[in-house]
1. Shielding of B:236-248 by partners, i.e. mean partner chain Cβ atoms within 10 Å per residue?
2. State which helices in chain B qualify, where a helix is a whole DSSP H run, it must extend 15 Å or more along its own axis by its Cα atoms, and its mean Kyte-Doolittle hydropathy must be at least -0.5.
3. Round to the nearest 10 and report in Å² the accessible area of A:SER226, as given by a 1.4 Å probe over the protein chains' heavy atoms.
4. Taking only Cα atoms, what is the 0 to 90° angle, nearest 10, from helix A:73-82's long axis to the longest principal axis of chain A?
5. Taking a virtual spin label 7 Å from the Cα of B:ARG258 along the C-beta vector, which residues in the range B:232-251 bring their backbone nitrogen under 19 Å of it?
6. Could you calculate the FRET efficiency of B:ASP210 with B:GLN309 from 1/(1 + (r/R0)^6), where r is the beta carbon distance between them and R0 is 41 Å, rounded to 0.05?
7. Which net charge results for the neighbourhood of B:LEU143, defined as the other residues with beta-carbon distances under 14 angstrom from its beta-carbon, given Lys and Arg at +1 and Asp and Glu at -1?
8. Taking the simple approach of a point 7 Å from Cα along Cα-to-Cβ for both A:GLN177 and B:ILE178, what is their distance in nm?
Amino acid sequence: MTGAAIVMEHVRKSYGAHVALRDISLQVASGERVVVCGPSGSGKSTLIRCLNRLERHDSGQITVDGVELTDDIAALRTVRRHVGMVFQNFNLFPHLTVLQNCTLTPMRVPGIGAAEAEALAMSFLERVRIPEQAHKYPAQLSGGQQQRVAIARALAMQPRIMLFDEPTSALDPEMIQEVLDCMIELAQTGMTMVVVTHEMGFARRVADRMIFMDDGQILEQGIPASLFDDPQTQRLRDFLGRIVHAG
Amino acid sequence: MIAALRRLGPRNWWSGLATIVLVLALWQAGAALFDWAVIRGHGWDTGPKQCQLDGGACWAVLTEKYRFILFGRYPYEQQWRPAVVIGIFVALFGASASRYSWRPALAGLWVAALALVLVLMRGGFAPLPLVPQDQWGGLPITLLLSSVGCVLAFPLAVLVALGRRARTLPAIRLLCVIYIEVIRGVPLVALLFMASVMLPLFLPAGMNFDKLVRVQVVIILFAAAYLAEAVRGGLQALPQGQFEAAEALGLSYWQTQRRIILPQALRLVIPSLVNIFTGLFKDTSLVLIVGILDFLTAGKVALADPAWQGFGNEVYLALGAVYLGFSLFLSASSRRLEAT
Ligand SMILES: Nc1ncnc2c1ncn2[C@@H]1O[C@H](COP(=O)(O)OP(=O)(O)O)[C@@H](O)[C@H]1O
Ligand SMILES: [Mg+2]
């Protein structure tokens, strides 16, 4: 499949009087890897959550995988099955084992039996190198392991697009790399990815394009090297300065 | 006792003193009870006249009255039927108390057992002569009203709790709110009274439901309103991220509730659910207001016998022991369920 996986046109979103997204237009091609960065509160989460309608946009158009996002629940559910999402806080289901977390979606596909669903889920747990934890509960795992399970759970849907909202921000520093490694491998398979992150090493290595958001707008975008080495706006220069010092 | 006190390790003088006073008071009360019940108590076959001579406990009143207290006015020769019913209920509670038995088959077991209970109680075919409902009474009535009350109120409560949170269905939401608030705003006694006295006035002549059915419906509706609020508490306690993750996986509303939300929410509120169930078990005694002879009322009626005057303590202690037994079983099951 070629062409646009995601198209946003003049998308606006506000919470009460507070405008979170002001007139966002953005296209993500199939197979493209886009990294979104920007200061806290700039609207990165709102943007990525609009892409599977965890947030409803107020105006404008969002088309994902060829389907426009509206109040049509059935269409929305189809889109959501093609779009995996990984959250900052993992959001694993604590009452289910790791394996059960990952078989939830394959089990629903018509004609797939329990054994087949488990085999599929195991193959994704192997991909994130965590098959030996399959029968534990999420609370028994480290943060990095939990986030890798969350990635496997999303992949078990066999999505065409993966969304990541700050997947390493809640992790202890020594666990960040194991999650990033999984994401790098995923990128090498040609998956379409939109990743909100401040991990600049990851962005340089993986991103086809980088987007800098500020105050609900896309202020700059381009290949990572040009944003890092030649920022056009003072806001981005300030932001990069803070990131480098923090890192 | 001194050793036990030392092990308690009172952290200061005051708590030490309070402990000693409490222990002494308990000791006094226990000794007095023991003296009355055992030392001065009369055996199981003493006559009432002899009992009344001194102040000791007269356990013979239970020997004389236990059949009436347990089974009410159910025909004497047929009382093995309600006895079996009590056994069925106890077995049913035992089977439901473990989390491992919680599977769809358990619901089927309940339905089958309740059907069996009704057939046994009512009869009306070859070996079991008909016993009309107004002769039922005692413990089976209490168990029937409260168990069916819990079992049917629970699914209703879950639906109402979900309805109250349905953001996209304002009409359903309003309906659920009104239902909960109205039921919680009116005492159970008033609801029972309305159902059994006022409802027939509005129904066309000849169309009259069984009194027990009407009372049962009221108990279900009453319990469901309280259970719904408890369930809602559990739903609200779940982090938003659980809902979002389920949505992002493309699960439908009912898949999300059944697989993700309810298993977690219900487990959180097991203590409050059991609390409501226990209350309901005791509250069923209010059906006396509409002339149904439940366990507690049967005890009261038994005490009215002129030949056995003045033995209320013995009977109420026995009734209390049975209620306490069932309630303790409920709370023990609750702790087990929470732990698994
Ligand atoms: N549910 C909400 N209700 C009200 N305001 C919100 C909500 N979610 C986000 N916001 C506000 O919208 C702005 C953008 O938030 P967000 O997209 O989470 O930013 P980021 O992910 O870049 O930190 C912030 O100012 C935030 O306070
Ligand atoms: Mg955010």
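1. That average works out to 5.
2. Span-like helices here: B:13-34, B:60-71, B:80-96, B:104-122, B:139-164, B:170-185, B:211-237, B:270-283, B:312-339.
3. That residue has around 50 Å² of solvent-accessible surface.
4. Tilt of helix A:73-82: around 80 degrees.
5. Only B:243, B:246-251 fall inside the zone, counting backbone N under 19 Å.
6. Numbers: r = 35 Å, r/R0 = 0.85.
About 0.70, to the nearest 0.05.
7. Surrounding charge for B:LEU143 is 0.
8. According to this spin-label approximation, the distance is 6.4 nm.
The values are calculated or read from the model by the stated rules, or taken from the named source; none is laboratory data. Only a predicted model underlies this, so the values are computations on that prediction, with no experimental measurement involved. Virtual Cβ from ideal backbone geometry, glycine too; neighbours counted across all protein chains shown. Surface areas here come from the heavy atoms of the whole protein model, side chains and all, with no ligands, DNA or RNA. Shrake-Rupley method; radii C 1.70, N 1.55, O 1.52, S 1.80 Å.
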